[in-house]
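Reading through the structure tokens given below for one structure.
The values are calculated or read from the model by the stated rules, or taken from the named source; none is laboratory data. Small disclaimer: the values here were computed from a predicted structure and weren't measured. Cβ placement follows ideal geometry from the backbone for every residue including glycine, while neighbour counts extend to all protein chains displayed.
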């Protein structure tokens with residue numbers, strides 16, 4: 001995880017504000033802990049690694065802060081090759097870049113015994129592409145499905161940082177490090193206390209950054 005404060009954080013906030021507003025998206029500036037959660041998808045097309053990142057940009061006592069974490073925004077390679085049985089006829093979901101306003105809430109991700117608190121898709125629908133050619137390369141094209149697909153923002157099940165994605169994601173946005181994720185969720189909890197249990201997630205392509 002990298003944390004920026006002061007002038008460096010303000011410069012980055014200005015950059016992302018420009019990028020989001022150019023696309024007609026909202027950039028949150030009012031008050032403390034009004035989170036801009038912005039995922040950035042790497043241009044490599046390699047779904048095997050945690051080579052994407054998420055920036056969490058917000059103010060504390062009126063000053064900009066930016067936390068950056070490595071994640072994957074794509075399904076893991078094993079899931080691409082072998083989609084979950086519930087969607088085997090359609091293919092694995094890949095989240096389409098966009099801004100998903102008030103779509104996420106803090107809630108329980110996974111089953112009772114092995115799950116954890118995460119940001120869960122419980123406030124609105126998302127758009128996904130379906131990759132059904134059973135190879136390890138994500139396909140960023142085709143018809144879009146819109147609906148409730150449980151595209152959550154969560155950690156993997158291990159306690160340490162992973163090198164490869166494997167089966168950690170069936171389309172969710174997954175943190176590489178459980179330690180990073182715990183810090184992220186603490187920030188989200190602070191935001192919930194200041195505002196409410198409603199979060200916007202924006203996914204950008206790296207090539208679109210200003």
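Of all residues in segment 1-31, count the ones that are in contact with a helix residue (DSSP H, G or I) (Cβ under 6 Å, 6 or more places away or on another chain) and at pLDDT 95 or above.
The total comes to 1.
Can you tell me how many residues in segment 32-63 are closer than 30 Å to residue 82 by Cβ and either touching a helix residue (DSSP H, G or I) at 6+ places or on another chain (Cβ under 7 Å) or at pLDDT below 95 (or both)?
Number satisfying all stated conditions: 12.
Out of segment 123-145, which residues are in a strand (DSSP E or B), under 17 Å from the mean Cα position of the chain (by Cα) and more than 22 Å from residue 44 (Cα to Cα)? Spell out the reasoning first.
Initially, segment 123-145 is screened for residues in a strand (DSSP E or B), giving 126-131, 144-145.
After this cut, where a residue has to be under 17 Å from the mean Cα position of the chain (by Cα) as well, the list is 126-129.
Matches in segment 123-145: 126 only.
Checking the structure you have, find out if any residue of segment 176-197 is surrounded by 19 or more Cβ atoms within 10 Å (Cβ to Cβ), in contact (Cβ under 8 Å) with a residue 24 or more places away in the chain, under 17 Å from the mean Cα position of the chain (by Cα) and part of a strand (DSSP E or B). Walk me through how you get there before you give the answer.
Just the residues of segment 176-197 that are surrounded by 19 or more Cβ atoms within 10 Å (Cβ to Cβ), to begin with: 176-177, 180-181, 184-185, 188, 191.
Adding the requirement that they be in contact (Cβ under 8 Å) with a residue 24 or more places away in the chain leaves 176-177, 180-181, 184-185, 188, 191.
The next check asks that each one be under 17 Å from the mean Cα position of the chain (by Cα); those that pass are 176-177, 180-181, 184-185, 188, 191.
Going one step further and asking which of them are part of a strand (DSSP E or B), we end up with none.
The answer is no; no qualifying residue exists.
Considering every residue within segment 136-147, establish whether at least one is touching a strand residue (DSSP E or B) at 6+ places or on another chain (Cβ under 7 Å), farther than 22 Å from residue 32 by Cβ and at pLDDT 95 or above.
Within segment 136-147, the first condition is being touching a strand residue (DSSP E or B) at 6+ places or on another chain (Cβ under 7 Å), and the residues that meet it are 138-142, 144-146.
Remaining after also requiring farther than 22 Å from residue 32 by Cβ: 138-142, 144-146.
Okay, now just the ones that are also at pLDDT 95 or above, so 146.
Yes, the conditions are met somewhere in segment 136-147.
Hand me the list of strands (runs of 3 or more DSSP E) wholly inside segment 2-114 holding 2 or more residues that are in contact (Cβ under 8 Å) with a residue 12 or more places away in the chain, within 17 Å of the chain's Cα centre (by Cα) and at positive phi.
Details: elements: 2-5, 36-41, 52-60, 63-72, 92-95, 98-109.
Per the criteria, 98-109.
I'm trying to understand the selection: among the residues of segment 19-40, which are farther than 23 Å from residue 94 by Cα and surrounded by 13 or more Cβ atoms within 10 Å (Cβ to Cβ)?
Step one: filter segment 19-40 for residues farther than 23 Å from residue 94 by Cα, giving 21-22, 27-35.
Listed by number, the residues that qualify are 27, 28, 29, 32, 33, 34, 35.
Kindly indicate whether residue 166 is out of contact with any strand residue (DSSP E or B) (no Cβ under 6 Å at 6 or more places or on another chain), on the phi > 0 side of the Ramachandran plot and not in a strand (DSSP E or B). Full working, then the answer.
Numbers: out of contact with any strand residue (DSSP E or B) (no Cβ under 6 Å at 6 or more places or on another chain): yes; on the phi > 0 side of the Ramachandran plot: yes; not in a strand (DSSP E or B): yes.
Yes; evaluated as a whole, the condition is true for this residue.
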